[in-house]
1. Applying a 10 Å radius around every beta-carbon, put 126-133, 152-159 in order of their mean neighbour count, most first.
2. Each residue of the range 155-166 in turn: what ³J(HN,Hα) in whole Hz from Karplus with 6.51, -1.76, 1.60 and θ = phi - 60°, glycine and Pro shown as x?
3. Whole-Hz ³J(HN,Hα) for each residue in the range 102-107, computed from phi via Karplus 6.51 cos²θ - 1.76 cosθ + 1.60 with θ = phi - 60°, x for glycine and proline: what do you get?
Amino acid sequence: MNNNMQIIQNEARPIFTNGHPDVAHLSSQVRQLTRKMEDLNSEIRCASYEQADYSGEIPAGLDLRLDVRSARKLRHLRKVIFGQDLDTGPAWDILLHLFDSYVLQRRDTIGNVTDGAELPGATALRWIERLERDGYINLRDDHLDRRRRFVELTDAGIGAMTKYFTGAAPNRIAA
């Protein structure tokens, strides 16, 4: 059995053995497991990059001119679509996380966004407030748990991110 399946079984087992599985709790656990697996896959990819030997010299035969031009074009495209303040840093990380969630049809809480964008809590809250004020995201109260708030892209946010990725598609570097 592969390692990821073992993790799923170990995490899911307590839900079924407590006598009366709650569907909402089970759904929450499945979402958490999915995110854990995504994180594990991301860590594996990052580890392979970290193990590679990058001495700073461009390998013979590798022409990076196209990649550099693409990266610059994409940075310019972000500035045109989102403006100077939102095209990099925490705002961009939050927008990327929320667009990923939108594409995967996942619902996010403020905590999920903070963790997913890998930001300190205060920084994430400040930028979430700014993005809401600018009309890119909505905050919605959870009617089942008043301590929790959901974060989602607005139609304008979805449109801007779609416009960016549509413009980014012909380029080889997309972040």
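1. 126-133, 152-159
2. 4, 5, x, 4, x, 5, 5, 5, 4, 4, 5, 5
3. Once θ is set to phi - 60°, the couplings for the range 102-107 become 4, 5, 8, 6, 9, 9 Hz.
No lab work stands behind these numbers, since they all come straight from the coordinates. Because the structure is predicted, anything quoted here is derived from the model rather than measured. Virtual Cβ from ideal backbone geometry, glycine too; neighbours counted across all protein chains shown.
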